[in-house]
Amino acid sequence: MMIRNRRLWWVPLLVLGMLLVTPNAQSKPPTAKKKAKAVATEPGPAPQATPALEPKALEILKAASSRLAAARTVKFTAVDFYESSSRHGHPLSVTTKSEVTLQRPDKLRVITSADGPASEFYYDGKKMMAYAPAENLVAVADAPPTIDAALEAAYQSAAIYFTFTDLIVADPYKDMAEGLTLAYYIGQSRVVGQTTTDMLAYVDKGVFVQIWIGAEDKLPRLLHAIYLDDPERLRHNLILSDWQLDPTLPADTFTSAKAASANPMPFAHPHPESSPEASPAEKGKPSKPHQ
């Protein structure tokens, strides 16, 4: 079934009415057999094939990618609402808020408050530092020389992963294009992000994503994701706001004296038995909603 056919709120409902003919009083109504024959000899138009990857959808995704990739410095706020199964079986929503700052190609800061413990992440091109303010614990490790490589290293070594990762890599579209199997344009919204957005949907690496992208500025405002291989079909929403492209950043943005002086702890996976290196089948990033 084509998902495109579910866009009922933008596609007008086509009503097929019956042709009413006032019969002549002396004529007989046509028999059912004759009507069936008439229908058989007048077939309707063949349905038009729709490409799995619609050019308009790809064009918008590429434009958003180019806009983000072209900025040397970027700041934005990311609010996550993700569902998790409760002990009673009902999906409960957990919320985090991340203040993200990056400088290409080798600096990143993510300050996260949450319904659970807060955290801070710093990467300055040489080292990465994960800090837990409440516990006053810090983990420090050597890091590769690019944001992309540092994000991969943080995930592989310590299971650190940000849901907006696909938005901050060097080439967001290239990163997602490898797993794209479906992409289509939906329409426009004037509700999300207090601006006009283009809505589209796509399937990337087993995740169905609906995304709202600014029609003028090409910046993403909202992502709604469902993991297709999840039997519970838990949902994940990522709200993006306060975009700043190429702002001037203070020299000490990507470090923290307070974090650096905290009690040290290993930069390691919190659950070694479920580490990405535990088995070949578990290697690689988890399926992502972005981008």
Subject >> From ALA154, ALA134, ALA130, ALA150, residue being open to solvent by less than 50 Å² (accessible area, probe 1.4 Å) and not in a helix (DSSP H, G or I) >> reply: ALA130
**OP:** Go over the candidates LEU102, LEU68, LEU61, LEU92 one by one and state the one that is open to solvent by less than 20 Å² (accessible area, probe 1.4 Å), under 27 Å from ASP204 (Cα atoms) and either part of a strand (DSSP E or B) or among the small types (Gly, Ala, Ser) (or both).
**Re:** LEU102
**OP:** Within the stretch 140-158, count every residue that is out of contact with any helix residue (DSSP H, G or I) (no Cβ under 7 Å at 6 or more places or on another chain) and within 17 Å of ARG109 (Cα to Cα).
**Re:** 12
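Per-residue answers, yes or no, for (1) surrounded by 20 or more Cβ atoms within 10 Å (Cβ to Cβ); (2) within 20 Å of ALA52 (Cα to Cα); (3) over 11 Å from the mean Cα position of the chain (by Cα):
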| site | (1), (2), (3) |
| --- | --- |
| THR181 | no, yes, yes |
| THR195 | no, no, yes |
| ASP198 | yes, yes, yes |
| ASP204 | yes, yes, no |
| ILE211 | yes, yes, no |
Original post:
Quick one: is GLY187 touching a residue at least 12 places away in the same chain (Cβ under 8 Å), buried (at least 20 other Cβ atoms within 10 Å of the Cβ) and either closer than 22 Å to ALA257 by Cβ or in contact with a Lys or Arg (Cβ under 9 Å, 6 or more places away or on another chain) (or both)?
Top reply: no
Original post:
Out of SER241, SER256, which single residue is open to solvent by 30 Å² or more (accessible area, probe 1.4 Å) and in contact (Cβ under 8 Å) with a residue 24 or more places away in the chain?
Top reply: SER241
Original post:
Among the residues of the stretch 71-89, which ones are in contact with a Phe, Trp or Tyr (Cβ under 6 Å, 6 or more places away or on another chain) and surrounded by fewer than 16 Cβ atoms within 10 Å (Cβ to Cβ)?
Top reply: none
**OP:** Report yes if ASP166 is open to solvent by 40 Å² or more (accessible area, probe 1.4 Å), of a type outside the set (Gly, Ala, Ser), in a helix (DSSP H, G or I) and under 20 Å from ALA71 (Cβ atoms), otherwise no.
**Re:** no
Original post:
Among the residues of the stretch 218-237, is any within 20 Å of THR73 (Cα to Cα) and surrounded by fewer than 14 Cβ atoms within 10 Å (Cβ to Cβ)?
Top reply: no
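The values are calculated or read from the model by the stated rules, or taken from the named source; none is laboratory data. A quick note: this is a predicted structure, and the numbers were derived from the prediction, not measured. Heads up, the Cβs are rebuilt from the backbone with ideal geometry, glycines too, and the neighbour counts pull from every protein chain shown. What goes into the accessible areas is simple: the full protein's heavy atoms, side chains included, and nothing from ligands, DNA or RNA. Shrake-Rupley method; radii C 1.70, N 1.55, O 1.52, S 1.80 Å.
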